[in-house]
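Peer 1: Here it is: the structure, laid out below.
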Amino acid sequence: MMDLQDQIKKSLAGDLESFNQIILSFQSLVYNQAYRIIGEPDAAADATQEAFISAYKKLHTYRGGSFKSWLLRIVSNACYDEFRRRKRKPVVPLFPKGEEGDEMDSVSWLEDPSEKPEDTLLRKELSEAIQYCLDRLEYEFRTIVVLVDIQGLDYASAAEITDRPLGTVKSRLARARTNLKNCLQGFKELLPQGLRHVGEA
Amino acid sequence: MKLSNRDWVQLSSYLDGEMNLRELNKTEERIKKEPALQLALEELRQTKITLRQTPKLRVPHNFILTPAMVGLKTSPLQTRGYRLVSALMTFLLIGVLVLDFGRSFVSGSLAPAASKEVMLEAISDSAADALEEPALMEAEGAMESDRSVAETEAGAPLVEEAPAPQEAAEVMEEGESLGTAQEAESGITEDEAPDTATNQTDVQQEDGVAEEQMAPSQTFAPEIPESVVSQPPTSVYAPDEETHKIERVPSIDPFRILEMILGFGALSFGIAAWLIKRRKS
């Protein structure tokens, strides 16, 4: 199997199949980043597709280093464009219909069906609780906390992706975490055991 | 005790290890001294753990790109060129087919009769030649033998042994006259006279009398038919060659070759254009 650098070289030479292999490797990361920032599955899918198209066209601007960071920066920009577009023209999200014919108002249709029902429910509710709290953050705060706490990037990478100084990333991350902490206290029963009892003493 | 924004930032950075050594030591000292900072640090840690446990969503579909998505288009010159050539060759093929059909239609009633005539002529000529060939061969053989005989007679004493009839008659008359005189002198019987005359004639011939009386132009010339002698042996088979020429007429019609070339070309260029378009899409 070709490594990432070979795939990038071939993609730069115009080989779309090689770039599609890169897409298959990174699409989960990119889609989750887009979904956590935008909060809507359809918009996240659109932003993801736009991000990959943009990445293919701008691949010549990749100068080495972390390809993941380079790609997440493109995703962040695509999410921002999608976010602004939806802010100008609010849309009512249409979810697929469930077994009983009613529209599913969550993203549970995207999850793994092989999981146990109680685990699925817990995961679904925790995911929804986190998303609920993320949606209440300002866009830039949300982007940084998703990059650092969900995607696991360091501050320097987050600063590079968001094109913000390191100090700004630090302060915005701290504020975002504080707000999320307060928000998640409203979903104590969904939280891990350690977080449920924090602040009760 | 309420924490300031600076305290939250320091605790967040301390949690992630994103501090220099001096700030790290200072923050650690404060955390040890202040229980509020310890509690806030624990809350941030649990929040971070919770966020790290955020379920990963499955992608709704693959996001692989198609050439159309990224604006890749097939080379218009290449594809269009192939298509144009294919179309032109198709039109030419149709034209040639129409011409071919028209040609065969127009000459449809005449061509078979003409060809039959030609065929019959060819067959009759070849048959006649085949029939004539043995006679010709015999004639040629006779001619060759006569020619050799003539050559040997012209250059050898055989000519003397076979004089011309007129000359022989003259000799005979002289011989007879001599013989009569001698018969009268010697009293030889008439029965013996011809032998004597013949002998005398032979003697005279041996003496070259007859030789002197013969003109060079009166040498023996065998009778060879003019039709055989006048024509060289090669000219005898001329009709046969003509027959072969008729048989050697090329069997593949140029129209067929042109049709095959145009058909193959149109098909090849059409397939090439289709393959390029399919590969790019």
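The values are calculated or read from the model by the stated rules, or taken from the named source; none is laboratory data. Every value quoted in this text rests on a predicted model; they were computed, and no experiment measured them. Ideal geometry is used to build each Cβ from the backbone, glycine not excepted, and the neighbour counts take in all protein chains shown. These accessible areas exclude ligands, DNA and RNA; they are computed on the full protein's heavy atoms, side chains included. Shrake-Rupley method; radii C 1.70, N 1.55, O 1.52, S 1.80 Å.
Peer 1: If you take the residues in the range B:1-54 that are loosely packed, with under 12 Cβ neighbours inside 10 Å and of a type in the set (A, V, I, L, M), which one is farthest from the other protein chains (Cβ to nearest Cβ)?
Peer 2: B:Leu21
Peer 1: Sticking with this one: Tell me which of these A:Ile53 doesn't satisfy, since it passes every other one: (1) open to solvent by less than 10 Å² (accessible area, probe 1.4 Å); (2) within 12 Å of another protein chain (Cβ to nearest Cβ); (3) of a type in the set (Val, Ile, Thr).
Peer 2: Of the numbered conditions (1) open to solvent by less than 10 Å² (accessible area, probe 1.4 Å); (2) within 12 Å of another protein chain (Cβ to nearest Cβ); (3) of a type in the set (Val, Ile, Thr), the odd one out for A:Ile53 is (1).
Peer 1: Could I ask something else about it? So, in the range A:56-103, exactly how many residues are open to solvent by less than 70 Å² (accessible area, probe 1.4 Å), more than 19 Å from A:Val145 (Cβ to Cβ) and at pLDDT below 85?
Peer 2: Of the residues in the range A:56-103, 6 are open to solvent by less than 70 Å² (accessible area, probe 1.4 Å), more than 19 Å from A:Val145 (Cβ to Cβ) and at pLDDT below 85.
Peer 1: So, one more: Being modelled with pLDDT of 90 or more, more than 24 Å from A:Ser69 (Cα to Cα) and either surrounded by 17 or more Cβ atoms within 10 Å (Cβ to Cβ) or at the interface with chain B (Cβ under 10 Å from one of its Cβ atoms) (or both), is that true of even one residue in the range A:170-179? So that I can check it myself, show each step before the final result.
Peer 2: Here is the first cut: in the range A:170-179, the ones modelled with pLDDT of 90 or more are A:170-179.
Filter once more, keeping what is more than 24 Å from A:Ser69 (Cα to Cα): A:178-179.
Next, only the ones that are either surrounded by 17 or more Cβ atoms within 10 Å (Cβ to Cβ) or at the interface with chain B (Cβ under 10 Å from one of its Cβ atoms) (or both) stay: A:178-179.
Within the range A:170-179 (the criterion being modelled with pLDDT of 90 or more, more than 24 Å from A:Ser69 (Cα to Cα) and either surrounded by 17 or more Cβ atoms within 10 Å (Cβ to Cβ) or at the interface with chain B (Cβ under 10 Å from one of its Cβ atoms) (or both)), the answer is yes, since at least one residue qualifies.
Peer 1: Go through (1) farther than 21 Å from A:Asn32 by Cβ; (2) aliphatic (A, V, I, L, M); (3) over 19 Å from the mean Cα position of the chain (by Cα) one by one and return the number of the condition A:Leu190 breaks.
Peer 2: For A:Leu190, the failing item is (1).
Peer 1: Test B:Leu65 against the stated conditions and say whether it is more than 10 Å from every other protein chain (Cβ to nearest Cβ) and surrounded by 15 or more Cβ atoms within 10 Å (Cβ to Cβ). Even if it seems obvious, please write down each step before you answer.
Peer 2: Working: more than 10 Å from every other protein chain (Cβ to nearest Cβ): no; surrounded by 15 or more Cβ atoms within 10 Å (Cβ to Cβ): yes.
So B:Leu65 does not fit the description; no.
Peer 1: Return the residue satisfying two criteria in turn: it lies in the range A:126-161 and is in contact with a Ser or Thr (Cβ under 8 Å, 6 or more places away or on another chain) and open to solvent by 30 Å² or more (accessible area, probe 1.4 Å), and of such residues it is nearest to A:Arg86 (Cα to Cα).
Peer 2: A:Glu140
Peer 1: So in the range A:1-50, with the set limited to residues that are open to solvent by 60 Å² or more (accessible area, probe 1.4 Å) and among the aliphatic types (A, V, I, L, M), which one is nearest to the other protein chains (Cβ to nearest Cβ)?
Peer 2: Taking the range A:1-50 first, the residues open to solvent by 60 Å² or more (accessible area, probe 1.4 Å) are A:1-3, A:5-6, A:9-10, A:12-13, A:17, A:21, A:24-25, A:42, A:46, A:50.
Of the ones still in play, those that are also among the aliphatic types (A, V, I, L, M) are A:1-2, A:12-13, A:24.
Working: A:Met1: 17, A:Met2: 16, A:Leu12: 13, A:Ala13: 13, A:Leu24: 7 Å.
By that ranking, first place goes to A:Leu24.
Peer 1: Please give the number of the condition A:Val146 fails out of (1) among the hydrophobic types (A, V, I, L, M, F, W, C); (2) in a helix (DSSP H, G or I); (3) farther than 26 Å from A:Tyr62 by Cα.
Peer 2: Every condition holds for A:Val146 apart from (3).
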